[in-house]
Amino acid sequence: MYKDISLSFERNLATQDIIQKTDIEAVKQSVKNLILTNHYERPFHPEIGSSVRSILFEPINPITANTLTRLIGEVIANFEPRARLVAVDARPNFDDNAYEVTIGFYVVNIPGELVSLDVMLERSR
């Protein structure tokens, strides 16, 4: 059983503790955090992270989407041992100036359930 704290820091009304994310939801949250973390952003672990956010300032085209797909796959394979990656698909959304990313993976020790995580990546100023 995998457990992480919820990053919304909401309280459980019964116990007054921070709500926990468990199993699939914990791994989904971790994958999303890895994608959005830059190198040198985590104290004492400068190697953890990706350059996904810097790629978002490149022109939106299929070549950049391919690079984004590769970077996301690398960061998940390198830093999330609880996820066994199946597929990453980054599609450019020209109208919203963003990428729609779909990540498919299996959670280790939870047999047979393919998890799909949809993330909208857009640059922020």
Exercise. Looking only at helices (runs of 4 or more DSSP H) that fall completely inside region 23-99, which ones have 2 or more residues that are under 13 Å from the mean Cα position of the chain (by Cα) and closer than 30 Å to Pro111 by Cα?
Worked result: 23-36, 62-79
Seminar exercise, completed: Ser6 meets each of (1) modelled with pLDDT under 90; (2) under 13 Å from the mean Cα position of the chain (by Cα) with one exception, condition (2)
Exercise. Which one of these does Leu121 not meet: (1) under 21 Å from Glu25 (Cβ atoms); (2) surrounded by 15 or more Cβ atoms within 10 Å (Cβ to Cβ); (3) without any contact (Cβ under 8 Å) to a residue 40 or more places away in the chain?
Worked result: (3)
Problem set entry | Checklist (1) surrounded by fewer than 18 Cβ atoms within 10 Å (Cβ to Cβ); (2) of a type outside the set (Gly, Ala, Ser); (3) touching a residue at least 24 places away in the same chain (Cβ under 8 Å) applied to Pro111, failing item | (3)
For this session: Give just the number: which of (1) in a helix (DSSP H, G or I); (2) out of contact with any strand residue (DSSP E or B) (no Cβ under 8 Å at 6 or more places or on another chain); (3) of a type in the set (A, V, I, L, M) does Leu13 not satisfy?
Result: (1)
Exercise. Would you call Ile103 of a type outside the set (D, E, K, R), modelled with pLDDT of 95 or more, in a helix (DSSP H, G or I) and under 13 Å from the mean Cα position of the chain (by Cα)?
Worked result: no
Exercise. Inside region 61-87, can you point out the residues that are in contact with a Phe, Trp or Tyr (Cβ under 9 Å, 6 or more places away or on another chain) and within 30 Å of Asp23 (Cβ to Cβ)?
Worked result: Leu68, Ile76, Glu80, Arg82, Ala83, Arg84, Leu85, Val86, Ala87
Problem set entry | Tabulated pairs, region 57-71, first farther than 19 Å from Val31 by Cα, second of a type in the set (D, E, K, R) and at pLDDT below 95, C-beta under 7 angstrom, 6+ apart or interchain | Phe57/Arg123; Thr64/Glu58
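The values are calculated or read from the model by the stated rules, or taken from the named source; none is laboratory data. Owing to the predicted nature of the structure, the values given are computational and were not obtained by experimental measurement. Neighbour counts run over all protein chains shown; Cβ positions are idealised from the backbone, glycine included.
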